[in-house]
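The structure under discussion appears below in the form of structure tokens.
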Amino acid sequence: MPSEIQQIRVESLPITLAQFLKWCGATLTGGQAKELIQAGRVQLNGEPCLQPGRKLQPGDLIELQGSRWQLVLPE
């Protein structure tokens, strides 16, 4: 069963997939985020994403090791 989606607010765009994983606390470093992405362990909107530099948009859903986050902008 999928985990609950945590909404993560970012202050400004653009933000890359690797930056987002570090921002939300999924990884400790950007290098660790890049390794996980390039190893095919991260999904973006339900599809594997191998591009650490992929720019995210509000509403994008990111999944890693059973955790799920959705990018949202501040209100």
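The values are calculated or read from the model by the stated rules, or taken from the named source; none is laboratory data. Owing to the predicted nature of the structure, the values given are computational and were not obtained by experimental measurement. Neighbour counts run over all protein chains shown; Cβ positions are idealised from the backbone, glycine included.
Across the range 8-20, the qualifying residues are those that are at pLDDT 95 or above and not hydrophobic (A, V, I, L, M, F, W, C), and the one among them that is farthest from Ser67 (Cα to Cα) is Thr16.
Screening the candidates Leu36, Leu71 for the property of being buried (at least 17 other Cβ atoms within 10 Å of the Cβ) and touching a residue at least 60 places away in the same chain (Cβ under 8 Å) yields one hit, Leu71. For Thr16, are the conditions met, namely being hydroxyl-bearing (Ser, Thr, Tyr) and farther than 18 Å from Val72 by Cα? Spelling it out, it is not the case that Thr16 is hydroxyl-bearing (Ser, Thr, Tyr) and farther than 18 Å from Val72 by Cα. For Trp23, the conditions (1) of a type outside the set (Asp, Glu); (2) out of contact with any Cys (no Cβ under 9 Å at 6 or more places or on another chain); (3) modelled with pLDDT of 95 or more all hold with the exception of (3). Residue under question is Ala26, and the condition is that it be surrounded by 11 or more Cβ atoms within 10 Å (Cβ to Cβ), aliphatic (A, V, I, L, M) and without any contact (Cβ under 8 Å) to a residue 40 or more places away in the chain; does it hold? No. Looking at Lys34, is it farther than 12 Å from Leu71 by Cα and in contact with a Pro (Cβ under 8 Å, 6 or more places away or on another chain)? So Lys34 fits the description; yes.
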